[in-house]
Amino acid sequence: IAASLFTVFFLFAENTANSQALYFFVTNNTGVTLNNIYVTPAETNNWGNDILPNDLFENSSSVRVDIPADYGSTCKFDMKITDLAGNSITFTGMDACLLHTLILNADGTYSAME
């Protein structure tokens, strides 16, 4: 009985760990206020919901963004970021499993800290 309970507990713990959402921090170093961050698994073509935790993302600030657990176990994501003027930039093939902080730069590039 103890072995059966251990097996059930192990399988439950493994499923819980695999279903946890990924998260990382984003620093806005663009010089403008941003208003949306969208992510999608790299192998799909549809943008999900805005994952920016606030309505506005001011320059020189940082936020934690969470990638929804229902996106599966993939680590590779594409990200689209928009500003108040309607401009957007897309980054592809980002490895969210290794990413700790993403710094968005004014020239449309980013720096990643793992």
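The values are calculated or read from the model by the stated rules, or taken from the named source; none is laboratory data. This one's a predicted model, so the numbers in the text were calculated from it and none came from an experiment. Cβ placement follows ideal geometry from the backbone for every residue including glycine, while neighbour counts extend to all protein chains displayed.
To keep it simple, each residue is scored yes or no on (1) surrounded by 13 or more Cβ atoms within 10 Å (Cβ to Cβ); (2) under 10 Å from the mean Cα position of the chain (by Cα); (3) not polar (S, T, N, Q).
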residue	(1), (2), (3)
Phe25	yes, yes, yes
Thr30	yes, no, no
Asn45	no, no, no
Thr82	yes, no, no
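Filter the stretch 93-114 down to the residues that are out of contact with any strand residue (DSSP E or B) (no Cβ under 7 Å at 6 or more places or on another chain) and free of Cβ contacts under 8 Å to residues at least 12 places away in the same chain, then identify the one that is farthest from Cys75 (Cα to Cα).
Going through the stretch 93-114, the residues out of contact with any strand residue (DSSP E or B) (no Cβ under 7 Å at 6 or more places or on another chain) turn out to be 98, 107, 109, 114.
Filter once more, so that each one left must be free of Cβ contacts under 8 Å to residues at least 12 places away in the same chain: 107, 109.
On the way: Asp107: 26, Thr109: 20 Å.
Applying the filter and picking the extreme gives Asp107.
So, in the stretch 87-114, of the ones that are within 10 Å of the chain's Cα centre (by Cα), among the aliphatic types (A, V, I, L, M) and assigned to a strand (DSSP E or B), which residue ends up modelled with the highest pLDDT?
Across the stretch 87-114, the extreme among qualifying residues is Leu102.
A quick yes/no check of all residues on (1) over 23 Å from Ala106 (Cβ atoms); (2) of a type outside the set (Phe, Trp, Tyr); (3) at pLDDT 85 or above:
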site: Ile1; (1), (2), (3): yes, yes, no
site: Ala21; (1), (2), (3): yes, yes, no
site: Val26; (1), (2), (3): no, yes, yes
site: Tyr38; (1), (2), (3): no, no, yes
site: Pro41; (1), (2), (3): yes, yes, yes
site: Phe57; (1), (2), (3): no, no, yes
site: Phe77; (1), (2), (3): no, no, yes
site: Ala85; (1), (2), (3): no, yes, yes
